[in-house]
Amino acid sequence: MKALVITGPHQAEIQEVAAPLAAPGEVVVDVKRAGICGTDIELFTGEMAYYKVGHTSFPVRIGHEWMGVVAAIGDGVDASWLGVRVTGDTMLGCGGCRRCAQGRQHVCEARGELGIRDGRPGALAEQIAVPWTSLHRLPDVVDDAMGAMVEPGGNAFRSVGAADLKPGERCLILGPGTIGLLCGLFATAAGAEVHLLGRSERSLAFARSLGFEHVWTEDALPDLPWDAVIEASNAQHLPAKALDLVEPGRRVVYVGLAGAPSLVDTRDLALKDVTAVGVLSASPGLAGTIDSYASGAVDPRPLVAAALTLAELPGVLAGERPDGAGLGPKFHVTIGD
């Protein structure tokens, strides 16, 4: 089958690789649509921290935002999964440790990460093999584009839930990238007054095109009481600014990751009686995200700038923007029929 393979820093190509087999407890999925995120770009450039600590090494096959149709099942898997439209969890716990037993497999020390950590090739390929326990069924009203947006949506769903907003309360989101915009959509659906802070006029203009009325640069941000602040950027200084801005006794949610350590003064955290929540993965939020998409409460599709072929993908990873692409931050790859 065909798959994208990153062979070294800034080096990617489409290769013919062995098709996966369904091991016991696993299924093989025909991938229909997959997304590219910032983690994939870092894996392409070689800047991803996992390379330094030995979790990942070249060559690597990326792709953890995906949907497809179950094409084969291994021993121990119910036959009812055959032909089902699915998406799946990125974080694959060992299944035997204390964290996995408590339903926290996404922070299992020995976890695999689909398309990110070594040992589990990703979904930018014609097929993937995954444990059946990681699957989530997609209802017909959640189309392929929405299905491939469940994983990033799950991060945003969890972030907005962690912000503990009530209808009418004011939420500030730092960073209008894919996760930040999805946070804005989920917070709006929850009845919050949403404000977005960004840098480039292009990203701010796109946020306005989605219907967000309160869009600011850092120097123009109004002096308002912020009931929750969601830090969804990659800026090193914004985690501390989030704590500075949030109302005392309220919540800061950290879902963005900077390329260098971000320093937060815990004295401010304690003296303001602020709750700080970190969000690593979409895992506990996947089902809720699918429900939100299915109900129409949130529609992530306007964030997709273009749907590419596998052959076009190496150029996009290298920074090319295809002719006709929209202003959205997300690129998808369509695979198969």
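General observations
- Positions within the range 30-72 being basic (Lys, Arg), closer than 26 Å to ALA110 by Cβ and touching a residue at least 40 places away in the same chain (Cβ under 8 Å), in sequence order: ARG61
- The listed residue being modelled with pLDDT under 95 and closer than 29 Å to ALA318 by Cα, out of ALA49, ALA125: ALA49
- The residues on offer are ALA205, ALA270, ALA260, and the sole one that is part of a helix (DSSP H, G or I) and either under 21 Å from ALA189 (Cβ atoms) or under 23 Å from the mean Cα position of the chain (by Cα) (or both) is ALA205.
- Subset of the range 117-137 [among the aliphatic types (A, V, I, L, M) and either touching a Leu at 6+ places or on another chain (Cβ under 6 Å) or surrounded by fewer than 23 Cβ atoms within 10 Å (Cβ to Cβ) (or both)]: LEU124, ALA129, LEU135
Residue by residue, here is whether (1) farther than 20 Å from PRO300 by Cα; (2) free of Cβ contacts under 8 Å to residues at least 24 places away in the same chain holds:
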{"position": "GLN102", "(1), (2)": "yes, yes"}
{"position": "CYS108", "(1), (2)": "yes, yes"}
{"position": "LEU114", "(1), (2)": "yes, no"}
{"position": "ALA125", "(1), (2)": "yes, no"}
{"position": "VAL130", "(1), (2)": "yes, no"}
{"position": "SER134", "(1), (2)": "yes, no"}
{"position": "LEU138", "(1), (2)": "no, no"}
{"position": "ALA145", "(1), (2)": "no, no"}
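- Any hit, the range 6-23, residues being out of contact with any Ser or Thr (no Cβ under 8 Å at 6 or more places or on another chain), surrounded by 16 or more Cβ atoms within 10 Å (Cβ to Cβ), at negative phi and free of Cβ contacts under 8 Å to residues at least 12 places away in the same chain: no
- Contact annotation: residue pairs with Cβ atoms under 6 Å, 6 or more positions apart or on different chains, pairing a residue in the range 198-223 that is touching a residue at least 12 places away in the same chain (Cβ under 8 Å) with a partner that is in a loop (DSSP other than H, G, I, E, B) and of a type in the set (Gly, Ala, Ser), are LEU204/GLY198.
- Residues of the range 280-325 that turn out to be part of a loop (DSSP other than H, G, I, E, B), surrounded by 15 or more Cβ atoms within 10 Å (Cβ to Cβ) and without any contact (Cβ under 8 Å) to a residue 60 or more places away in the chain, as a count: 1
- Any hit, the range 232-254, residues being farther than 18 Å from SER200 by Cα, of a type in the set (A, V, I, L, M) and touching a Lys or Arg at 6+ places or on another chain (Cβ under 7 Å): no
- Once the range 87-99 is narrowed to residues that are surrounded by fewer than 21 Cβ atoms within 10 Å (Cβ to Cβ) and modelled with pLDDT of 95 or more, the residue that is nearest to MET146 (Cα to Cα) is ARG99.
- Applying the criterion of being loosely packed, with under 15 Cβ neighbours inside 10 Å and not hydrophobic (A, V, I, L, M, F, W, C) to the residues of the range 47-68, the residue that is nearest to GLY83 (Cα to Cα) is PRO59.
The values are calculated or read from the model by the stated rules, or taken from the named source; none is laboratory data. Keep in mind the model is a prediction, meaning the values are calculated, not measured. Positions of Cβ are backbone-derived with ideal geometry, glycine not excepted, and every protein chain shown enters the neighbour counts.
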